[in-house]
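Chemist: Below you will find the structure I want to go over with you.
The values are calculated or read from the model by the stated rules, or taken from the named source; none is laboratory data. Predicted model, so just to flag it, every value in this text is computed and none were measured. All Cβ positions, even for glycine, are placed from backbone atoms using ideal geometry, and neighbour counts span all protein chains on display.
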């Protein structure tokens, strides 16, 4: 019984990783951008703004109970998942990677702390501001 449960759990974990990490077009030219999530007990992504090209990885290092979830980017509903990537709830020591697929802005929040302003932006455009995104999140959920 325990062996079947362990095998099923490992299969589910493998599927979750596959859905988040698609192969990059040319791994030799891609970058791996590191982002800490909740480091030192602070409910923040660090850094909160990163830039990358399609095919680059963003690797989230979790330091506590958080997620990295693609947000709608609508300032009237900033803590709502877009339906893009979602690491799911992760715990201290977990590492999850996503592949950037666009040059456009990608808004990110933690489902557990969005209302406290735990947000980030990948490839922000000239009119995108992590501070504006944070204030909208706090106003909606806080």
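Chemist: Going by the conditions given, is residue 84 under 11 Å from the mean Cα position of the chain (by Cα) and either modelled with pLDDT of 95 or more or farther than 19 Å from residue 39 by Cβ (or both)?
Modeler: Values: under 11 Å from the mean Cα position of the chain (by Cα): yes; either modelled with pLDDT of 95 or more or farther than 19 Å from residue 39 by Cβ (or both): yes.
For residue 84, the condition - under 11 Å from the mean Cα position of the chain (by Cα) and either modelled with pLDDT of 95 or more or farther than 19 Å from residue 39 by Cβ (or both) - is met.
Chemist: Next question. When you scan the range 113-130, how many residues do you find that are outside any loop (DSSP other than H, G, I, E, B) and in contact with a helix residue (DSSP H, G or I) (Cβ under 9 Å, 6 or more places away or on another chain)? Lay out the reasoning, then the answer.
Modeler: So in the range 113-130, the residues outside any loop (DSSP other than H, G, I, E, B) come out as 114-116, 119-122, 130.
If we keep only those that are in contact with a helix residue (DSSP H, G or I) (Cβ under 9 Å, 6 or more places away or on another chain) as well, we get 114-116, 119-121.
Total satisfying the criteria: 6.
Chemist: Against the definition (modelled with pLDDT under 95, touching a strand residue (DSSP E or B) at 6+ places or on another chain (Cβ under 9 Å) and surrounded by 15 or more Cβ atoms within 10 Å (Cβ to Cβ)), how does residue 57 come out, yes or no?
Modeler: On the way: modelled with pLDDT under 95: no; touching a strand residue (DSSP E or B) at 6+ places or on another chain (Cβ under 9 Å): yes; surrounded by 15 or more Cβ atoms within 10 Å (Cβ to Cβ): yes.
So residue 57 does not fit the description; no.
Chemist: Here's a follow-up. If I filter the range 79-102 for residues that are closer than 17 Å to residue 134 by Cβ and crowded, with 19+ Cβ neighbours inside 10 Å, do I get at least one hit?
Modeler: Looking for residues that are closer than 17 Å to residue 134 by Cβ and crowded, with 19+ Cβ neighbours inside 10 Å, one finds at least one in the range 79-102, hence yes.
Chemist: Now for a different question. What do you reckon, is residue 46 within 25 Å of residue 139 (Cβ to Cβ), more than 10 Å from the chain's Cα centre (by Cα), modelled with pLDDT of 95 or more and surrounded by 13 or more Cβ atoms within 10 Å (Cβ to Cβ)?
Modeler: yes
Chemist: Which one of these is assigned to a loop (DSSP other than H, G, I, E, B), in contact (Cβ under 8 Å) with a residue 12 or more places away in the chain and farther than 18 Å from residue 125 by Cβ: 83, 93?
Modeler: Of the residues listed, the single one that is assigned to a loop (DSSP other than H, G, I, E, B), in contact (Cβ under 8 Å) with a residue 12 or more places away in the chain and farther than 18 Å from residue 125 by Cβ is 93.
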